[in-house]
Amino acid sequence: MGRKIRTPLVLAGAAAVALLTGCGVTGTPLAGELDVRTLDAGPYPVDRHHYDQTGGAKGGLLEGMRMSAAVVPTVHIDPSLTVGQGGRVIVDSRDATAHLLAGVSKPALDKNKLVTGYVTAGADQPDAPGADGPGPGATAVTTLVLRFPSADAAKQAATQLEDSDFAVAPDMNRKLTLPQYPSAYIHYRPGVASVGTFMAHKEFVISLFIQRPSPNETDLLDWVRKTLDAQVPALDRFEATPPDRLNALPVDPEGLLAKTLVKDRSDRVPDPDKFAFYGAPAMVDISGDEATRQRLVDDTGLDALAVGDTSSVLRVRDPAATGRLVEGLIASAGTEYDGTDIPTSVPGAKCLKLNARGDAAHESRYRCYVPYHRYVQVISSDDATDIRYRLAAAYALLANNF
């Protein structure tokens, strides 16, 4: 079972874009607001829009996005686990066994018709430079929740996953039990400071991989217990989509994707990286300081986000919360970004510019935040002219779709 995941759900990432001829903006301003018709949005469409299509064959992927609201960030498991290592949708059995479960697990996933999944991970300390996971003295938890068509299928999958994983080294593995969760399959290898768990719960299988500083059996079991204590109630609050309704799930159930800034709206299909919606926990999963990020989510009432190509839209409780969200996101941007003034008439917009400490190969030169009523659009670009177009377009798009 893998110990570390990486996530594409990063609000800062963006690729350079080609510049096209500028164009005017249509729309009707609300009283006291900037007239968006005065803005130059460049190549970006900003008129009112709806994505009315359903997911069809990608309904399972949409269910995985919905599950982002039902898999807890690690700071909810223990306050020491503040270093978020990401969260992402599990697309299929191949994806699940590529970096998370052992390859021998794939037949159990296929036989029981895995629908989708969602995984999060976090630790109590950051990775060492160049390392691909927490060091041997760290505590780290990976929570993988797999969705199956029925509770019976989940139970069978949990049993088969445990059997196949245990059988990789039957002479070295040892089975453990936890009175609070008698249906949980738990095993570890004596002398190794980690433990794995499979437990069916409703239509789901909860798979845990927990790393601790020492191979103490009692301690490992206590961490399994506290992880399940946090995760099981979250699943109980989640309403799974019946299998026969998965294909009918809407791609943009709350209209957030229609507010994301994209150049091309045609033929959009669900994509975890480029056309997706997520619950508020996803904003915590990607933070290097989950405790601070969770306080920001709670303070602003952030309840959902959408990712469209290289822009993201975040929804908060009320207009007063957008300013606090922007300030909180800027504060967490890191030392590789400095504040910068970009000429714009967009009210409330704030921008950052990558400095010499930043990684220009992976981070955009500019990152900006555009608030409007209950929404904040996060945009990025490597080009000064393009970022001005994006600022204007982001505001106009939010205004026209309000």
I need the calculated FRET efficiency for the pair ASN355 and ALA57, taking r as the beta carbon distance and R₀ as 56 Å, to the nearest 0.05.
0.80
All other residues with a Cβ under 11 Å from the Cβ of VAL307 taken together, and with Lys, Arg as +1 and Asp, Glu as -1, what is their net charge?
-2
Which residue fluctuates the most in the chain, going by a Gaussian network model with Cα springs under 10 Å, if the choices are VAL104, VAL119, VAL91?
VAL104
When only C-alpha pairs under 8 Å and at least 6 residues apart count, what is the relative contact order of region 213-309, in percent?
28
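Any chance you could run the full-extension gain for SER80 through ASP222? It's 0.36 nm times the residue separation minus the Cα-Cα distance, nm to one decimal.
49.6 nm
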Say we join alpha carbon atoms closer than 10 Å with springs in a Gaussian network model of the chain; which of ALA153, ALA333, ALA70 then has the biggest fluctuation?
ALA333
Explain nothing, just the number: relative contact order of region 57-236, from Cα pairs under 8 Å at least 6 residues apart, as a whole percent.
21
Highest GNM mean-square fluctuation, the chain, Cα pairs closer than 10 Å: which of ARG367, ARG66, ARG268?
ARG268
So, in nm, how far is label SER214 from label THR177 when the simple model puts each one 7 Å beyond its Cα toward the Cβ?
2.7
Simple SL model, points at 7 angstrom along Cα→Cβ for ALA169 and HIS362; separation in nm is 2.9
How far, in degrees from 0 to 90, does helix 290-300 lean away from the longest principal axis of the Cα atoms of the chain, to the nearest 10?
50
Towards the positive end of the charge dipole of the chain, with charges on Cβ (+1 Lys, Arg; -1 Asp, Glu), say which of SER80, LEU305, VAL269 has the farthest Cα.
VAL269
Considering the Cα positions of region 160-276, please state its Rg to one decimal place and its Dmax as a whole number of Å.
19.9, 57
May I ask you to order 77-89, 218-230 by the average number of other C-beta atoms within 10 Å around their residues, highest value first?
77-89, 218-230
Residue (of PRO107, ILE186, GLN211) at the positive-pole extreme of region 57-236, dipole from beta-carbon charges:
PRO107
Radius, Kirkwood style, for region 57-236 when every pair of distinct Cα atoms is counted (Å):
16.3
Stretch gain in nm, segment VAL104-ARG295, where the contour uses 0.36 nm per residue and the Cα spacing is subtracted:
64.8 nm
Sorted peptide list for 377-384, 288-295, criterion being average Cβ within 10 angstrom, highest first:
377-384, 288-295
Please compute the net charge surrounding ALA399, taking Lys and Arg as +1 and Asp and Glu as -1 over other residues with Cβ under 14 Å from its Cβ.
+1
Percent RCO, i.e. relative contact order, over the chain, from Cα pairs under 8 Å lying at least 6 residues apart
22
Note the full-extension length gain between ASP244 and GLU33 as 0.36 nm times their separation in residues minus their Cα-Cα distance, in nm to one decimal.
71.4 nm
With +1 on each Lys and Arg Cβ and -1 on each Asp and Glu Cβ, and nothing else charged, work out how big the dipole of the chain is about its Cα centre, in Debye to the nearest 20.
260
Could you give the alpha-carbon Rg of region 79-122 over 2.2 N^0.38 Å, rounded to two decimals?
1.33
So the pair-distance distribution of region 245-402, from every Cα-Cα distance in 10 Å bins, comes to percents of 11, 40, 39, 10, 1, 0
Could you check the spin-label model distance between GLN125 and ARG94? Points 7 Å from the Cα along Cα→Cβ, value in nm.
3.8
Coordinate range along principal axes, alpha carbons of the chain, Å, largest first:
72, 47, 35
Which of the lysines could be linked to LYS350 by a straight reach, that is with a Cα gap under 23 Å, when you skip same-chain ones fewer than 8 residues away?
LYS259, LYS263
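FYI, it's all coordinate maths here, none of it is from the lab. Quick caveat, the model's predicted, so the values are computed rather than measured. Virtual Cβ from ideal backbone geometry, glycine too; neighbours counted across all protein chains shown.
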